[in-house]
Amino acid sequence: MITWIRSGSIVDTLKGLIRKADILIKDDIISAIGIIPSELKQKNQRVKIIDAEGMLIIPGLIDMHVHLREPGHEYKETILSGSIAAVSGGFTSIACMPNTDPVNDNRAVTEFIIRRGKSAGFAKIYPIACISKKQEGKTLTEFGDIKDAGAVGVSDDGMPVINSELMRRATEYASYHGLTIISHSEDTSLSRGGVMNEGDISTAIGLTGIPSINEEIMVSRDILIAKFTKCPVHIAHVSTAGSVEIIKRGKEAGILVTAETAPHYFTLDHRAVTGYDSNTKMNPPLRTPEDVLAIKNGLADGIIDAIATDHAPHSTLEKDVEFDKAAFGIIGLETALPLTLALVRAGVISLPEAIKKLSLNPARILGIPGGQLEPGLPADLAIINPDYEYILKKEDILSKSKNSPFIGKALKGRNELTMIGGKIVWER
Amino acid sequence: MRLFEHKDLLSIDQLSIADIELILDMAESFKEISNRDIKKVPTLRGKTVVNLFYEPSTRTRSSFEIAAKRLSADTFNLSSSNSSTIKGETLIDTGMNLQAMNPDVIILRHSSTGAPHMMAKAVSSGVINAGDGINEHPTQALLDLFTIREKKGRIEGLKIVIIGDISHSRVAKSNIKGLKKLGADVTVSGPPTMVPIGIENYGINVIHNPSEAIRKKDVIMLLRIQFERQSNILFPGIREYAKYFGVTRKMIELANDDAIIMHPGPINRGVELASEVIDSPGSVILEQVKNGVAIRMAILYLLIGGSSK
């Protein structure tokens, strides 16, 4: 089977270029990129032609921070529904966090997730297992066994590792097994009871604040641990200017630290919480306009390596309640692309750089394939229309949960087709 | 056109200066009713008022109930202990169920900030915020404004100090907003752990030391210290608070001679305020309670009175 994607503009994440060219795919592998002679069609009857004139062809996006809720909270999302949401948003690989029920702290759960991901048959699913058993922050999980079972990283996302000794040992042991350690950096003693960023807005609207230092103190700690152990650490969902500055200094000192942020942290600030919409409640919280600016600069300067959604589905049961009682988190798989393209249009980062942060960089951090389009590599890609404008409607969301603050908002840029291993898995 | 173009009373923010003056003027005419022998007028006959209280309250709930009854409205009380909340019903569902019985106004007190705003979106009847979390208590602020205006003849230009836990006080928050709207010069005072970030954005002064803060003020407003709700990280304890932040007669002498002393109640005698000050001639604390009924009559009348609903 040969597929010929004609006349698209290919985003080269490696060279940082966009070039107009055709892509030829044989079975599951990209066989050629360039100008394909048009007589190809006559020679071979079995060529599927996809016209991509005016479209961008990007490597399949990779989301290194997703909550799929299965096992345990299937009413919010399943591996199947989350995979479909992912491919519709242009993602071909997603890494799922372990705070399910039961949590993913052993081989059996890791294998279950991989099996469910394969039978779903949409995005490639890469499990991230717990750092500590039951996410209790006491004993390490069996890193070797869960790595063998297919986990790519470890994190106690949602339940930060407070015990510094445990975090230190986790970086050392994860490094030995080649597992990426992902830090949910939060000093919970500073954020207890808080539901939004602590600042002039929390004072004005009477909600309990979460100070920026709750994140920055733990980012500092984990970078110091990485420095001491000479083992890498990845900082999840960076939200404050202070964190960006601390990570910058860490990188300058040659410490093995990488970082991600989520689209909402460069799109919205804490003023969005006025009105008490629980879809503006997430952890870390939306911060100040100055923080948003620092996040953008951090992306531009390469301090922040990756954009990850922190896709966190919650049903109306958790969200249609009083603001302080609502669950933290929003979905993101279906809005990451347009929100990131807005950064490109605003001149914050180039298009290849933006796509790299959504694909190649997270792939490298997790040590998984993908993120570039080259002959000889699997044909995981998305064809996107960067100019398509639309209003996000609740009924168009494919994720099982609809907790997005962008419902009703105008977005620009949409995924049209997603291909994994040469197979079209999603087409508008 | 209606006098008062609001479905709900959720926040002082939503009120214009004219709205506030209308409420205060209206309260002035309603106040007289409470002094009559027969304390009842037929103004809200046939209207239904629901008191939905998710937090304990004596003063505010009885004040609303008396106000509604003096206007001949039918009232009924629901508290979290006798409602379906303990059976797990959500706030919105409770609201929708009440809605089905067609009340005219729901008076809601709730420990969650924004709960009345949420209720107001869900139901077509009016909603009055009777205190939400640490956010606002608009009717308390309005009765305080009324009391100040009554005692001082004006609000604009008065020097007012609010002392206590500003961070966790909805009374302080609503009063700051209301007093600033009407042109008062506002100072807040209390330990730094109890003064929130960004409060100065309201154009007010922050003087942590209460003696300094009281100096040359026309109005001294105290807040209840709620040690039962706070961790001991915020402040060491009652004894320390009373010693360094409790207001005494000696401190009151630093204020202007005719200064009035206010407190939204319930008072911790000898903690935020010395007993001798509470019972001193400058104290208008019981006047506040009395005026609370008049203000709530005015608000109920403006929200649901007349036939244009």
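Descriptive notes on the structure:
- The stretch A:201-338: translational diffusion in µm²/s, Stokes-Einstein, Kirkwood Rh over Cα pairs, 4 °C, 1.567 mPa s: 83 µm²/s
- Per-bin percent of Cα-Cα distances, the stretch A:97-175 [5 Å]: 3, 18, 29, 24, 15, 7, 3, 1, 0
- With each label modelled as a point 7 angstrom along the Cα→C-beta vector, the B:Asp13-B:Ile233 pair spans 2.7 nm.
- Charged-residue dipole, Cβ positions (Lys, Arg, Asp, Glu), chain B about Cα centre, Debye nearest 20: 400 debye
- The amide H of A:Val425, built 1.01 Å from its N in the peptide plane, has A:Thr418, A:Met419, A:Ile420 as neighbours under 5 Å, considering only residues 5 or more places off or on other chains.
- Proximity of backbone amide H atoms, modeled 1.01 Å from N, is registered between A:Phe91 and A:Leu61 at under 5 Å, excluding neighbours fewer than 5 places apart on the same chain.
- The helix-based estimate of mean residue ellipticity at 222 nm for chain A, built from -39,500 (n - 2.57) per DSSP H run of four or more residues and divided by its residue count, is -8500 deg cm²/dmol to the nearest 500.
- Nearest-0.05 FRET efficiency for A:Glu389 and B:Asn77, computed from C-beta distance (R0 45 Å): 0.30
- Cα-based Rg of the stretch B:3-45 normalised by 2.2 N^0.38 Å, two decimals: 1.41
- Listed residues A:Asn197, A:Ile125, A:Ile247: farthest to the positive end of the dipole of the stretch A:60-366 (Cβ charges): A:Ile125
- The phi-based Karplus calculation (6.51 cos²θ - 1.76 cosθ + 1.60; θ = phi - 60°) puts the 3J(HN,Hα) values of the stretch A:119-135 at 6, 5, x, 10, 5, 6, 9, 10, x, 10, 9, 6, 6, 10, 4, 6, 6 Hz, whole numbers, x for Gly and Pro.
- Likely footprinting exposure, B:Met119, B:Met194, B:Met251, B:Met297, fewest C-beta neighbours within 10 Å first: B:Met251, B:Met194, B:Met119, B:Met297
- Distance (nanometres) between label positions extended 7 Å along Cα→Cβ at B:Ser275 and B:Asp257: 3.0 nm
- Compactness of the protein assembly as shown is given as radius of gyration and Dmax, 30.3, 105 Å, from Cα positions.
- Karplus-derived 3J(HN,Hα) values for the stretch A:239-251, using 6.51 cos²θ - 1.76 cosθ + 1.60 with θ = phi - 60°, are 10, 10, 4, x, 4, 4, 5, 5, 5, 4, 5, x, 5 Hz; glycine and proline are entered as x.
- Computed FRET value (nearest 0.05) for A:Ile29 with B:Glu89, which takes r as the C-beta separation and R₀ as 51 Å: 0.35
- Each of A:Gly8, A:Tyr265, A:Ile94 was placed along the dipole of chain A (beta-carbon charges, centred on the mean Cα), and the one lying farthest toward the positive end is A:Gly8.
- Candidates A:Asp200, A:Asp269, A:Asp310: whichever shows maximal mean-square fluctuation once chain A is modelled as a Gaussian network with Cα springs under 10 Å: A:Asp200
- Other-chain or far-sequence residues with amide H under 5 Å of A:Thr180's (modelled H): A:Gly153, A:Val154
- The dipole here belongs to the stretch A:66-107: it is taken about the Cα centre, uses +1 on the Cβ of Lys and Arg and -1 on the Cβ of Asp and Glu, and is about 100 debye.
- Loop-located trypsin sites (Lys or Arg not before Pro) in the stretch A:138-181, at most 15 other Cβ atoms within 10 Å (DSSP): A:Lys138
- The mean sequence separation of alpha-carbon pairs under 8 Å and at least six residues apart, normalised by the residue count of the stretch B:71-151, gives a relative contact order of 23 percent.
- Under 16 Å from the A:Leu293 label point (7 Å along Cα→beta-carbon), backbone N, the stretch A:229-250: A:240-245
- Calculated mean residue ellipticity at 222 nm for chain B: -11000 deg cm²/dmol, from DSSP H runs with n ≥ 4 weighted as -39500 (n - 2.57), summed, divided by the residue count and rounded to 500.
- The angle between the Cα long axis of helix B:285-304 and the longest principal axis of the Cα atoms of chain B comes to about 30 degrees, rounded to the nearest 10.
- Projecting the Cα atoms of B:Ile233, B:Thr193, B:Thr60 onto the dipole axis of chain B, where Lys and Arg carry +1 and Asp and Glu carry -1 at the beta carbon, places B:Thr60 farthest toward the positive end.
- Per-residue HN-Hα couplings for the stretch B:139-145 [Karplus 6.51, -1.76, 1.60; θ = phi - 60°; Hz; x = Gly/Pro]: 6, 5, 4, 5, 6, 5, 4
- Taking a ≥ b ≥ c as the square roots of the eigenvalues of the alpha carbon gyration tensor, the stretch B:138-284 is oblate, as a/c is not under 1.5 and a/b does not beat b/c.
- Cα-Cα pairs of chain B separated by more than 36 Å (percent): 17 percent
- Exposure proxy shown here: for B:Glu5, A:Glu290, the number of other Cβ atoms within 10 Å sets the order, fewest to most, as B:Glu5, A:Glu290.
- Computed E for B:Arg59/A:Thr316 - FRET, C-beta separation, R0 30 angstrom, nearest 0.05: 0.25
- Dividing the convex hull volume of the alpha carbon atoms of chain A by its residue count gives 126 Å³ per residue.
Each reported figure results from applying straightforward, stated rules to the coordinates on display, with no laboratory input. From a predicted model like this one, the values you see are computed outputs, not experimental measurements. Glycine gets a Cβ as well: all are built from the backbone with ideal geometry, and neighbour counts include every protein chain shown.
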